[in-house]
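See structure below.
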Amino acid sequence: MVIVVRSDLPMGKGKTAAQCAHAALECCRQTLNNKKKQLMFESWLRCGQPKIVVKIPNEEELLILAGKAERAGLITAIIKDAGITQLKPGTVTVVGIGPGFNETIDSLTSRLKLL
């Protein structure tokens, strides 16, 4: 699983961590009612639930990446903030991609820098 965080937002470390947790949980939730995705999820669980967090410059690039991930058949979860603390309601903060095949996820995200 790769979690992609917008680097242009004024989020503190705790806020960023919470948004990443939302993305990971939503990606996992999406596997519940799909046998193929469930098998991928179970494999990911057995491998230690690896997660890599990277950054992307802005919302536009995040949404383009999310679209490519969806078209590649990957689990994709775009997270929008509730707007209670640091951001305006509905602000797109992160996208979770996966669990999925490493090669497919890497083909879309390997150019991004670690957060």
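Might you check whether a residue that is assigned to a loop (DSSP other than H, G, I, E, B) and on the phi < 0 side of the Ramachandran plot occurs anywhere in segment 14-26?
Going through segment 14-26, the residues assigned to a loop (DSSP other than H, G, I, E, B) turn out to be none.
Scanning segment 14-26, I find no residue that is assigned to a loop (DSSP other than H, G, I, E, B) and on the phi < 0 side of the Ramachandran plot, so the answer is no.
Inspect segment 7-21 for any residue being at pLDDT 95 or above, crowded, with 20+ Cβ neighbours inside 10 Å and touching a helix residue (DSSP H, G or I) at 6+ places or on another chain (Cβ under 6 Å) and give the result as yes or no.
No, that holds for no residue.
Keeping to segment 68-87, report how many residues are modelled with pLDDT of 95 or more and loosely packed, with under 12 Cβ neighbours inside 10 Å.
Selection size over segment 68-87: 1.
Suppose we filter segment 91-115 for residues that are of a type in the set (S, T, N, Q), over 21 Å from residue 12 (Cβ atoms) and crowded, with 19+ Cβ neighbours inside 10 Å; how many remain?
Quick first cut of segment 91-115, residues of a type in the set (S, T, N, Q) only: 91, 93, 102, 104, 107, 109-110.
Now restrict to residues that are over 21 Å from residue 12 (Cβ atoms): 102, 104, 107, 109-110.
Applying the additional criterion that residues be crowded, with 19+ Cβ neighbours inside 10 Å yields 109.
Adding up the residues that qualify gives 1.
Restricting to segment 102-112, what's the tally of residues that are in contact (Cβ under 8 Å) with a residue 24 or more places away in the chain, of a type outside the set (Ser, Thr, Tyr) and over 14 Å from residue 61 (Cα atoms)?
Of the residues in segment 102-112, 1 are in contact (Cβ under 8 Å) with a residue 24 or more places away in the chain, of a type outside the set (Ser, Thr, Tyr) and over 14 Å from residue 61 (Cα atoms).
Scanning for something in contact (Cβ under 8 Å) with a residue 60 or more places away in the chain and within 11 Å of residue 6 (Cβ to Cβ), does segment 82-89 turn up at least one residue?
yes
Please specify each residue of segment 44-68 satisfying the condition of being at positive phi and in contact (Cβ under 8 Å) with a residue 40 or more places away in the chain.
Of everything in segment 44-68, just one residue is at positive phi and in contact (Cβ under 8 Å) with a residue 40 or more places away in the chain, namely 49.
What's the number of the only condition in (1) buried (at least 16 other Cβ atoms within 10 Å of the Cβ); (2) in a helix (DSSP H, G or I); (3) among the hydroxyl-bearing types (Ser, Thr, Tyr) that residue 43 fails to meet?
Among (1) buried (at least 16 other Cβ atoms within 10 Å of the Cβ); (2) in a helix (DSSP H, G or I); (3) among the hydroxyl-bearing types (Ser, Thr, Tyr), the lone unmet condition for residue 43 is (1).
The values are calculated or read from the model by the stated rules, or taken from the named source; none is laboratory data. Here the structure is a predicted model, which means the values were calculated and not measured. Note that each Cβ is placed from the backbone with ideal geometry, even for glycine, and that neighbours are counted across all protein chains shown.
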